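The values are calculated or read from the model by the stated rules, or taken from the named source; none is laboratory data. Here the structure is a predicted model, which means the values were calculated and not measured. With ideal geometry, Cβ positions are generated from the backbone for all residues, glycine too; neighbour counts draw on all protein chains shown.
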Amino acid sequence: MSKINAFYAQSGGVTAVINATACAVIETVRKNRHRIANVYAGHNGIIGALTENMIDTNKESASTIAALRHTPGGAFGSARYKLKGIEENRAQYERLIEVFKAHNIGYFFYNGGNDSMDTAHKVSLVSKHLGFPVTCLGIPKTVDNDLPVTDNCPGFGSVAKYVAISTQEAALDVLSMAETSTKVFVLEVMGRHAGWIAAAGGLAGTTPEDPPHIILFPEIPFKKAAFLKRVKECVKKYQYCVIVVSEGACYANGKFLAEAGTRDAFGHTQLGGVAPVVANMVRENLGFKYHYAVADYLQRSARHIASAVDVKQAYAVGEAAVKFALAGKNGRHADHQTCFGRTVSMAHRRGATFTHRQQGENGAAAIHQQRRIFDHRSVPPISAASDSR
Ligand code: F6P
């Protein structure tokens with residue numbers, strides 16, 4: 001019988017380190033060639049399987065695969081694409097299994113966030129139902145750091161580092177200008193409904209006087225009067241005010257301060273543009289000159305400043321996923337199982353958790369705790385790392 005292959009796909013918003021996970025999956029499979037012959041990577045995620053548009057990674061040299069560890073973006077293309085339930089779209093699952101059968105794919109490694117874990121789970125159940133059992137493993141990734149069961153997600157650490165350093169650097173700039181010019185700086189960060197990235201802005205300071213002076217979390221309803229009062233106090237006391245605002249900041253009734261007006265394939269509102277809203281609010285009510293920045297894709301693609309711990313973790317979860325599949329499942333005779341929780345526990349657990357509640361109730365303690373969790377030293381810049389390409 002011909003050897004079993006694996007299918008690997010990236011899904012959802014990419015990160016600065018998702019390709020390190022791809023690198024780990026492919027390299028670990030290559031170390032186990034007697035068990036898994038090849039990794040086919042989906043072009044644009046699961047869509048690559050549905051359209052039979054897959055990249056034969058065996059055609060890539062070891063140095064090309066190794067270079068993935070240092071490359072941001074999603075090397076094979078990612079997708080926001082949700083498979084419906086089998087009762088709603090049986091044909092789509094049949095097509096998937098048809099393609100898996102044609103390429104003798106017994107393992108499905110899906111590298112994504114919450115929705116991707118759902119897809120991996122569905123495929124694991126349905127493949128059995130359709131008589132072609134595939135071992136499905138979800139591999140965690142999201143800058144938002146909001147996957148259940150995980151205590152931190154690959155991708156987050158690098159964004160946290162980028163946001164903390166950018167806040168610190170921009171704050172020095174504003175402070176230089178504050179006497180005669182700019183008094184307020186607003187940095188907008190990602191995270192959707194989770195304030196982890198916003199909280200990371202707090203890593204910039206070591207004392208209560210240090211910037212950022214205000215962090216607007218999505219978990220804490222925005223109160224305009226209290227916010228403006230605090231901005232005024234900060235400018236009076238420190239001459240300037242640095243604000244980190246989460247893209248998901250919202251009012252008590254759940255209405256976002258800003259949204260782009262579009263939705264993705266999962267039905268999620270596209271967020272973005274809160275920084276100018278907040279900055280204008282400050283100018284209109286207090287008259288202070290401001291600058292603002294929307295970190296947007298810069299934060300999640302910033303490989304030049306990626307966290308070394310994050311890179312290691314991203315690699316570790318990919319490696320663990322393959323080992324887990326091989327150890328527990330004995331080739332293609334495996335039962336179906338999603339295991340991102342267990343993978344994370346094995347490869348990724350780093351002590352205390354940092355809950356959204358803590359962020360709201362005790363920001364300073366939470367930030368201190370986060371500092372302990374992450375030891376984000378620089379990785380070599382791309383130019384240095386690319387020696388091996
Ligand atoms: O889910 C991760 C994330 O980076 C969010 O923080 C952000 O809101 C979203 O993706 C942006 O998604 P897209 O790139 O599809 O617009």
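Of these, 141, 82, which one is of a type outside the set (Val, Ile, Thr), closer than 30 Å to residue 217 by Cβ and out of contact with any strand residue (DSSP E or B) (no Cβ under 9 Å at 6 or more places or on another chain)?
The unique qualifying residue is 82.
Restricted to segment 279-308, and to residues that are touching an Asp or Glu at 6+ places or on another chain (Cβ under 9 Å) and part of a helix (DSSP H, G or I), which residue is farthest from residue 196 (Cα to Cα)?
Among those that are touching an Asp or Glu at 6+ places or on another chain (Cβ under 9 Å) and part of a helix (DSSP H, G or I), it is 308.
Look through segment 175-192, keep the residues that are crowded, with 22+ Cβ neighbours inside 10 Å and aliphatic (A, V, I, L, M), and return whichever of them is farthest from residue 272 (Cα to Cα).
184
Residues in segment 226-245: is at least one within 21 Å of residue 284 (Cβ to Cβ), modelled with pLDDT of 95 or more and touching a Gly at 6+ places or on another chain (Cβ under 6 Å)?
Yes, because at least one residue in segment 226-245 is within 21 Å of residue 284 (Cβ to Cβ), modelled with pLDDT of 95 or more and touching a Gly at 6+ places or on another chain (Cβ under 6 Å).
Identify the residue in segment 199-226 that is touching a helix residue (DSSP H, G or I) at 6+ places or on another chain (Cβ under 8 Å) and part of a helix (DSSP H, G or I) and, among all such residues, is farthest from residue 162 (Cα to Cα).
So, considering only residues that are touching a helix residue (DSSP H, G or I) at 6+ places or on another chain (Cβ under 8 Å) and part of a helix (DSSP H, G or I), the one farthest from residue 162 (Cα to Cα) is 224.
Quick test for you: out of 64, 51, 57, 71, pick the one residue that is away from the ligand (no atom under 16 Å from the Cβ), over 17 Å from residue 312 (Cα atoms), touching a helix residue (DSSP H, G or I) at 6+ places or on another chain (Cβ under 6 Å) and of a type in the set (Val, Ile, Thr).
57
Could you tell me whether segment 118-126 includes any residue that is within 15 Å of the ligand (Cβ to nearest atom), under 21 Å from residue 324 (Cα atoms) and not β-branched (Val, Ile, Thr)?
Yes, because at least one residue in segment 118-126 is within 15 Å of the ligand (Cβ to nearest atom), under 21 Å from residue 324 (Cα atoms) and not β-branched (Val, Ile, Thr).
Can you tell me how many residues within segment 233-278 are assigned to a loop (DSSP other than H, G, I, E, B) and within 16 Å of the ligand (Cβ to nearest atom)?
The qualifying residues number 12.
Any residue at all in segment 46-55 that is within 21 Å of residue 298 (Cα to Cα), touching a strand residue (DSSP E or B) at 6+ places or on another chain (Cβ under 9 Å) and at pLDDT 95 or above?
No - not one qualifying residue is present in segment 46-55.
Output the qualifying pairs, or none if there are none: Cβ atoms under 7 angstrom, residues six or more apart or on different chains, first residue in segment 127-150 and outside the structural domain of residue 199 (by TED's automatic domain parsing) and outside any loop (DSSP other than H, G, I, E, B), second residue β-branched (Val, Ile, Thr) and within 16 Å of the ligand (Cβ to nearest atom).
Listed by first residue and then by second, the contacts come to 139/21; 140/150.
Which numbered condition trips up residue 318, out of (1) touching an Asp or Glu at 6+ places or on another chain (Cβ under 8 Å); (2) in contact (Cβ under 8 Å) with a residue 12 or more places away in the chain?
(1)
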